[in-house]
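To start, the structure itself, in structure tokens.
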Amino acid sequence: MILTIILFILGVWMLVKGASWLIDGASRVAEIFKISPLVIGLSVVAIGTSLPEFGVSLTAILRGSGDISVGNIIGSNICNIGLALAIAAIISVVLVSKSALKRDFPVMLGVTVMLLVFIADRRLERWEGVLLFISFICYFVYLFKRKEVFTHEGKNYPSWIKKYPWLSILFGMIGIAIGSKLMVDSGVQIARFIGVSEAIIGLSILAIGTSLPELVTSVVAMLHKESEMSLGNILGSNILNITMVLGCVSIIRPIDVSARLFRIDGWIMLGYAIVLFPLLRTQYKLSKKEGRFLLTTYVIYLVYLYLK
């Protein structure tokens, strides 16, 4: 047990440090290439923070645990909005660009609906995975072809990050991946010991564990005054979790999906996406009050998972 606690603390440290390196490296790249922080958040940062979801989902499906694979993605997308974005807003008001609301939010909503349609028959087929992955490719091509206003202000970075920003991004991704794994592994062992089902593990413990990179990265981005990158990270991660992660995993092996993931949790994921729109649209910001509302609903959802 002492070793588990030590590994948990080490995982937290690696997550926070990795997120800091990732944000600083991404911000520096944005400065060098005059890329909008929103686009960096939707792409480079989103890929980095989606690595744990990819690793967990791939491992789960190779071990025959389809419910963990799909449940992890659905739970992570719920957690990204109800926990990560909520806490970021509570720390400081999240400013919302019109571009994100008009271009990227509809994509997130669209792929969420697409996933629900695909799993309505309780199975995610290989050809459906191909369509999801093609959507991922199309979105990334569109992302880097569109024009965004560069609004980044100069910052002071450690000399090594200033010279080697891509190395900072790489180290950040590695730190995030290892840190989240250390935290998730211990949580899953405890959950299985007390008899929690795989679907619940995927929806809660694994979802929160693999969403810790999004949470920590978004919080660090807010502390670094990178509000656009914080929002871009959440929207981009939700898009990538469905299109890139589930797309790749279901191409490797079709996934059987439990009835509850479609009947209940999938619709809760869609509900969060729909509710998010008017919150972001109000004065183009997500206030602390709205962050507290999202966090409260997420806590209620977690209580429902374990009491049902």
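Here, each number is a calculation from the coordinates, and none is a lab measurement. Just so it is clear, the model here is predicted, and its values are computed rather than measured. All Cβ positions, glycine included, derive from the backbone under ideal geometry; neighbour counts span all protein chains shown.
Here are the numbers:
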{"item": "Exposure proxy ranking, count of Cβ atoms within 10 Å, fewest first, for 246, 240", "result": "240, 246"}
{"item": "Label-to-label distance, nm, for residues given as residue 98 and residue 137 (7 Å Cα→Cβ offset)", "result": "3.4 nm"}
{"item": "Of 225/288; 102/285; 17/98; 17/225, those spanning more than 19 Å from alpha-carbon to alpha-carbon", "result": "17/98"}
{"item": "Gain upon complete extension [residue 58, residue 3; 0.36 nm per residue less C-alpha separation]", "result": "17.1 nm"}
{"item": "Simple label model, 7 Å out from Cα along Cβ direction - residue 116 to residue 287, nm", "result": "2.8 nm"}
{"item": "Additional length obtainable on full extension of the chain from residue 267 to residue 167, 0.36 nm per residue less Cα span", "result": "32.1 nm"}
{"item": "Helix-derived mean residue ellipticity, 222 nm - over the chain, DSSP H n ≥ 4, -39500 (n - 2.57), to 500", "result": "-23500 deg cm²/dmol"}
{"item": "Helix 105-118 axis, angle to the chain major axis (alpha carbon atoms, nearest 10°)", "result": "20 degrees"}
{"item": "Long-range HN-HN contacts of residue 94 with modeled amide H, under 5 Å", "result": "286"}
